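A quick write-up on the structure given underneath.
The values are calculated or read from the model by the stated rules, or taken from the named source; none is laboratory data. Keep in mind that what you see is a predicted model, and the values were worked out from it rather than measured. Virtual Cβ from ideal backbone geometry, glycine too; neighbours counted across all protein chains shown. Just so you know, the surface numbers come from the protein's heavy atoms only, side chains and all, with ligands and any DNA or RNA stripped out. Shrake-Rupley method; radii C 1.70, N 1.55, O 1.52, S 1.80 Å.
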Amino acid sequence: MDAAPETPRDGHTAIHARLLALDTHIDIPWPEGPGFAADGERRVDLPKMRRGGLAGGFFAAFVPQTVVNPANEQAAFERARAMLLAIRAMGDVPGARLATTADAIEQAWRDGAVAVVPAVENGFAAGTDLDRLGIFRSLGATYVTMTHNGHNALADAAIARPDLGDGASRHGGLSALGREAVAVMNRLGLLIDVSHAAKPTMMQLASLSATPVVATHSCMRALCDHPRNLDDEQLDVIRDVGGVVQVTAVSGFVRLRARESEVTVADFCNHIDYAVRRIGIAHVGIGSDFDGGGGFVGWRDAADSPNITAELLRRGYEPEALAALWGGNFLRVMRQAEAVAAS
C-alpha cells in the first residue's frame, strides 16, 4: 500500500523525528515531586520527551543561592550531590539511559534510548573546595553553571542579591578561586556555563578557559533588555572562542516582563534568528529551562518541541541547520572539552 501523502504537520514532525534533538537545560523537582517515568505534572518526563522527539536532556542539579558561608556551602554541596544521584537514577528508567559524554549521547540515540545527562547549576555548590568539582564530574556532571542569582565564592552573578548582602559586584568578575576553578574544570572536562554570570565574569571565563564556554539557557539582550540576557559583545566573544548560546524559553527573557501566556514560538525563534545572524549557526542552540521557569504558548513542555522545528522550517532553516541547533553544536563543544581533559 502506498504511504499517505504528508500533511505540512506530518512533514515537520518527520523532519524533527530524524534530529538528534537535545535540550541543554532542564530542572528537576526537589526534594520530592512527580517521577520521571510517568506522564505527569513535570514539563519534562520520559513520555513527554518521547512524544516531543527529544533524544536527550541535560538535567541540572540546581542549588539556590544563600548567604556565602562554610555551613551553607556544605549544605549546597550535599544537595548537589544528592540531586546528581537522583538524576543518575533517572537513567535507569526503562527507555532512558545515563549519558555523560558526547559519544554516549549519540550511542543512546542510535539505540533508541533517551539520554539523561547530568549537570550542576550554581558554583556555590563547590564552595571554596575545588575538589568538589571532581566529585561532580565523577557523578556524571557535564557542565557547571558558575553562578545563579547572587554572587558566590567563585564569581559575580548577573543579578545581585542585596537580601543576601550582595553589592553590585563582589569580585569584579571572577575571584582568584574562580580563576583556579576554570583550570580545574578544563582538566576535568567540565564545560563552563556562563548563563547567570555577570558580564565581567562571563568575559573573564571566556578569556581564561581552554575550552569554549557555553550559555546553556539565555536569550538576546538586543531583543529583551534583561540583565540575564547576553549583549552583542558577549555573543561575539562566544563566537570567537567557539562556544554556543542556547536560547531559553523563560518568558521574561524572551519578552521583557512578559507572562507565559504572552509569549509565542515566534517570539522565541526571533531570538534564534538574531543570534544566528549575529554569530552564525554553529554557535546557537536550544535550552528550555523547563521545570525551572521555562515555557510559553506553543512550547509548554517537552512534548511540544516539534513546534519549534516547525517554526524554524517556516523561516527557511534547512534540516542540516536544525540538526546543528538542536544538538550538533553542543555535542561539538562537549567533545572539545573532553579532548582538552584527555590531553
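Note on the chain: with a GNM built from Cα contacts shorter than 10 Å, the maximum mean-square fluctuation among Gly298, Gly140, Gly57 falls on Gly298. Taking amide hydrogens as placed 1.01 Å from N in the peptide plane, the amide H of Val284 sits under 5 Å from those of Val245, each at least 5 positions away in sequence or on another chain.
The accessible surface of the range 76-117, taken with every protein chain in place and a 1.4 Å probe, is 49 percent carbon and sulfur. Each Cα pair under 8 Å and six or more residues apart adds its sequence gap; the mean of these over the residue count of the chain is a relative contact order of 18 percent.
For the chain, modelled as a GNM whose springs connect Cα atoms under 10 angstrom apart, the maximal fluctuation among Arg257, Arg79, Arg332 occurs at Arg257.
Over the Cα atoms of the chain, the radius of gyration divided by the Kirkwood radius equals 0.95; this is the Rg/Rh ratio. With protein chains left intact and a 1.4 Å probe, residues in the range 48-156 average 32 Å² of accessible area per residue. Rolling a 1.4 Å probe over the protein heavy atoms of the range 123-235, with every protein chain left in place, gives an accessible area that is 50 percent carbon and sulfur.
DSSP beta bridges fully contained in the chain are about 15 percent antiparallel. Computed on the range 64-210, with alpha-carbon pairs under 8 angstrom and 6+ residues apart, the relative contact order is 22 percent.
Between Ala14 and Arg88, what's the calculated FRET efficiency when r is the beta-carbon distance and R0 is 35 Å? Round to 0.05. Mind dumping the intermediate values first?
Details: r = 33 Å, r/R0 = 0.94.
E between Ala14 and Arg88, to the nearest 0.05, is 0.60.
For the chain, the dipole from Cβ point charges (+1 on Lys and Arg, -1 on Asp and Glu) about the Cα centre works out to 220 debye, to the nearest 20.
Expressed to the nearest 5 percent, the antiparallel share of DSSP beta bridges inside the range 1-151 is 5 percent. Annotation: extensible slack from Ala341 through Trp30 equals 108.8 nm (criterion: 0.36 nm per residue apart, minus Cα-Cα distance). Computed over the chain, the per-residue total of -39500 (n - 2.57) for DSSP H runs of n ≥ 4 gives a 222 nm mean residue ellipticity of -11500 deg cm²/dmol, rounded to 500. Once the convex hull of all Cα atoms in the range 233-343 is built, its volume per residue stands at 113 Å³. In sequence order, the range 125-137 has phi-based couplings of 5, 7, x, 10, 10, 6, 4, 5, 4, x, 5, 4, 5 Hz under the Karplus curve 6.51 cos²θ - 1.76 cosθ + 1.60, θ = phi - 60°, and Gly or Pro positions carry x.
Its alpha carbons give the range 20-144 an Rg and a Dmax of 14.6, 46 Å.
Need one number: % antiparallel among DSSP beta bridges in the range 200-330, to the nearest 5. Percent antiparallel among DSSP bridges in the range 200-330 is about 20. Full extension of the chain between Ala183 and Asp39 gives 47.8 nm of extra length, using 0.36 nm per residue less the Cα-Cα distance.
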